[in-house]
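The values are calculated or read from the model by the stated rules, or taken from the named source; none is laboratory data. The shown structure was predicted, so the numbers you read here are calculated from the model rather than taken from an experiment. Cβ sites come from the backbone with ideal geometry, for glycine too, and all protein chains shown count toward neighbours.
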Amino acid sequence: MAYPQTFKPGKHFKALLAATLLIAISPLALSAADDASYKTIEWTDLIPQEDLDALLNPPEYLNDISDGSLEDQINTQLQGAMSADDSRYQQALSSAQIKPGFNNKKVKIPAFIVPLEYDEEQNVTEFFLVPYFGACIHVPPPPPNQIIFAAYEKGMSLEALYDAFWISGTLQTSLTENDTATSAYSIAIDSIELYTE
């Protein structure tokens, strides 16, 4: 399955979010050469069921918003997410709720990398993992429960932000906040491989 290479804010942030949560990068079956100790997961696996249900069932009024209108702008929708008017859906757009069962679990997840820190050789040493290209850079970040923080002392050369990677390591349920975004998970990385179908 192909993953998105561009992001175009348009016909509602809710449609984009639901689509990327379900199809951004779907994991493939592990090959025999892969370490069976890592459980391959999808991004939606990290979302508590109550949040996932809310995101997949957005309010009806979003269907009445015209493409490109002021109401269709992501910033406008995010401001609405901060109001108390719009219940579970708006809360899910900024949810830091996690699934505790993932704490200390060895996982393998496909992700895009958002660099945060570099070493002297310009290798990325701290970054966020996100489910779709452009998150936190060109557009507002996804919900914290759809962002994973990684500190990778070894560092990695990141040639293109639009490359996706398989990340294997031990997942933690820990909150990380900085100026770029907030993540509800972190990972101790064991390996990074270029994503291939």
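Please go through (1) assigned to a strand (DSSP E or B); (2) out of contact with any strand residue (DSSP E or B) (no Cβ under 7 Å at 6 or more places or on another chain) for THR196 and return the number of the only condition it doesn't satisfy.
Only one criterion in (1) assigned to a strand (DSSP E or B); (2) out of contact with any strand residue (DSSP E or B) (no Cβ under 7 Å at 6 or more places or on another chain) is unmet by THR196, namely (1).
Which residues, taken from the stretch 85-108, are among the basic types (Lys, Arg), modelled with pLDDT of 95 or more and either over 16 Å from the mean Cα position of the chain (by Cα) or buried (at least 20 other Cβ atoms within 10 Å of the Cβ) (or both)?
LYS105, LYS106, LYS108 - these are the residues of the stretch 85-108 that are among the basic types (Lys, Arg), modelled with pLDDT of 95 or more and either over 16 Å from the mean Cα position of the chain (by Cα) or buried (at least 20 other Cβ atoms within 10 Å of the Cβ) (or both).
Tell me the residue from ALA181, ALA160, ALA150 that is touching a residue at least 12 places away in the same chain (Cβ under 8 Å) and surrounded by fewer than 23 Cβ atoms within 10 Å (Cβ to Cβ), please.
The match here is ALA181.
Here is a list of conditions, (1) part of a helix (DSSP H, G or I); (2) closer than 29 Å to SER168 by Cβ; (3) modelled with pLDDT of 90 or more; (4) not small (Gly, Ala, Ser), and LEU21 meets all of them except one; can you say which number that is?
Every condition holds for LEU21 apart from (3).
Considering each residue of the stretch 163-178, count those that are touching a residue at least 12 places away in the same chain (Cβ under 8 Å) and in a strand (DSSP E or B), and give that number.
Of the residues in the stretch 163-178, 10 are touching a residue at least 12 places away in the same chain (Cβ under 8 Å) and in a strand (DSSP E or B).
Every residue, every condition in (1) among the basic types (Lys, Arg); (2) part of a loop (DSSP other than H, G, I, E, B); (3) modelled with pLDDT of 90 or more; (4) more than 13 Å from TRP43 (Cβ to Cβ), yes or no:
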{"residue": "PRO110", "(1), (2), (3), (4)": "no, no, yes, no"}
{"residue": "GLU121", "(1), (2), (3), (4)": "no, yes, yes, yes"}
{"residue": "PRO141", "(1), (2), (3), (4)": "no, yes, no, yes"}
{"residue": "ALA160", "(1), (2), (3), (4)": "no, yes, no, yes"}
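Taking the stretch 111-127 as the region of interest, how many residues are under 13 Å from ILE189 (Cα atoms) and not aliphatic (A, V, I, L, M)?
The total comes to 3.
For the stretch 107-126, name all the residues that are within 18 Å of ALA164 (Cα to Cα) and without any contact (Cβ under 8 Å) to a residue 40 or more places away in the chain.
ASN123, VAL124, THR125, GLU126
Condition first: part of a loop (DSSP other than H, G, I, E, B), out of contact with any Leu (no Cβ under 8 Å at 6 or more places or on another chain) and either of a type in the set (Ser, Thr, Tyr) or under 29 Å from LEU52 (Cβ atoms) (or both). Now tell me which residues in the stretch 143-158 satisfy that.
Hit for the stretch 143-158 is SER157, nothing else.
Among the numbered conditions (1) farther than 17 Å from LEU46 by Cα; (2) not in a loop (DSSP other than H, G, I, E, B), tell me where PHE128 comes up short.
Of (1) farther than 17 Å from LEU46 by Cα; (2) not in a loop (DSSP other than H, G, I, E, B), only one is false for PHE128: (1).
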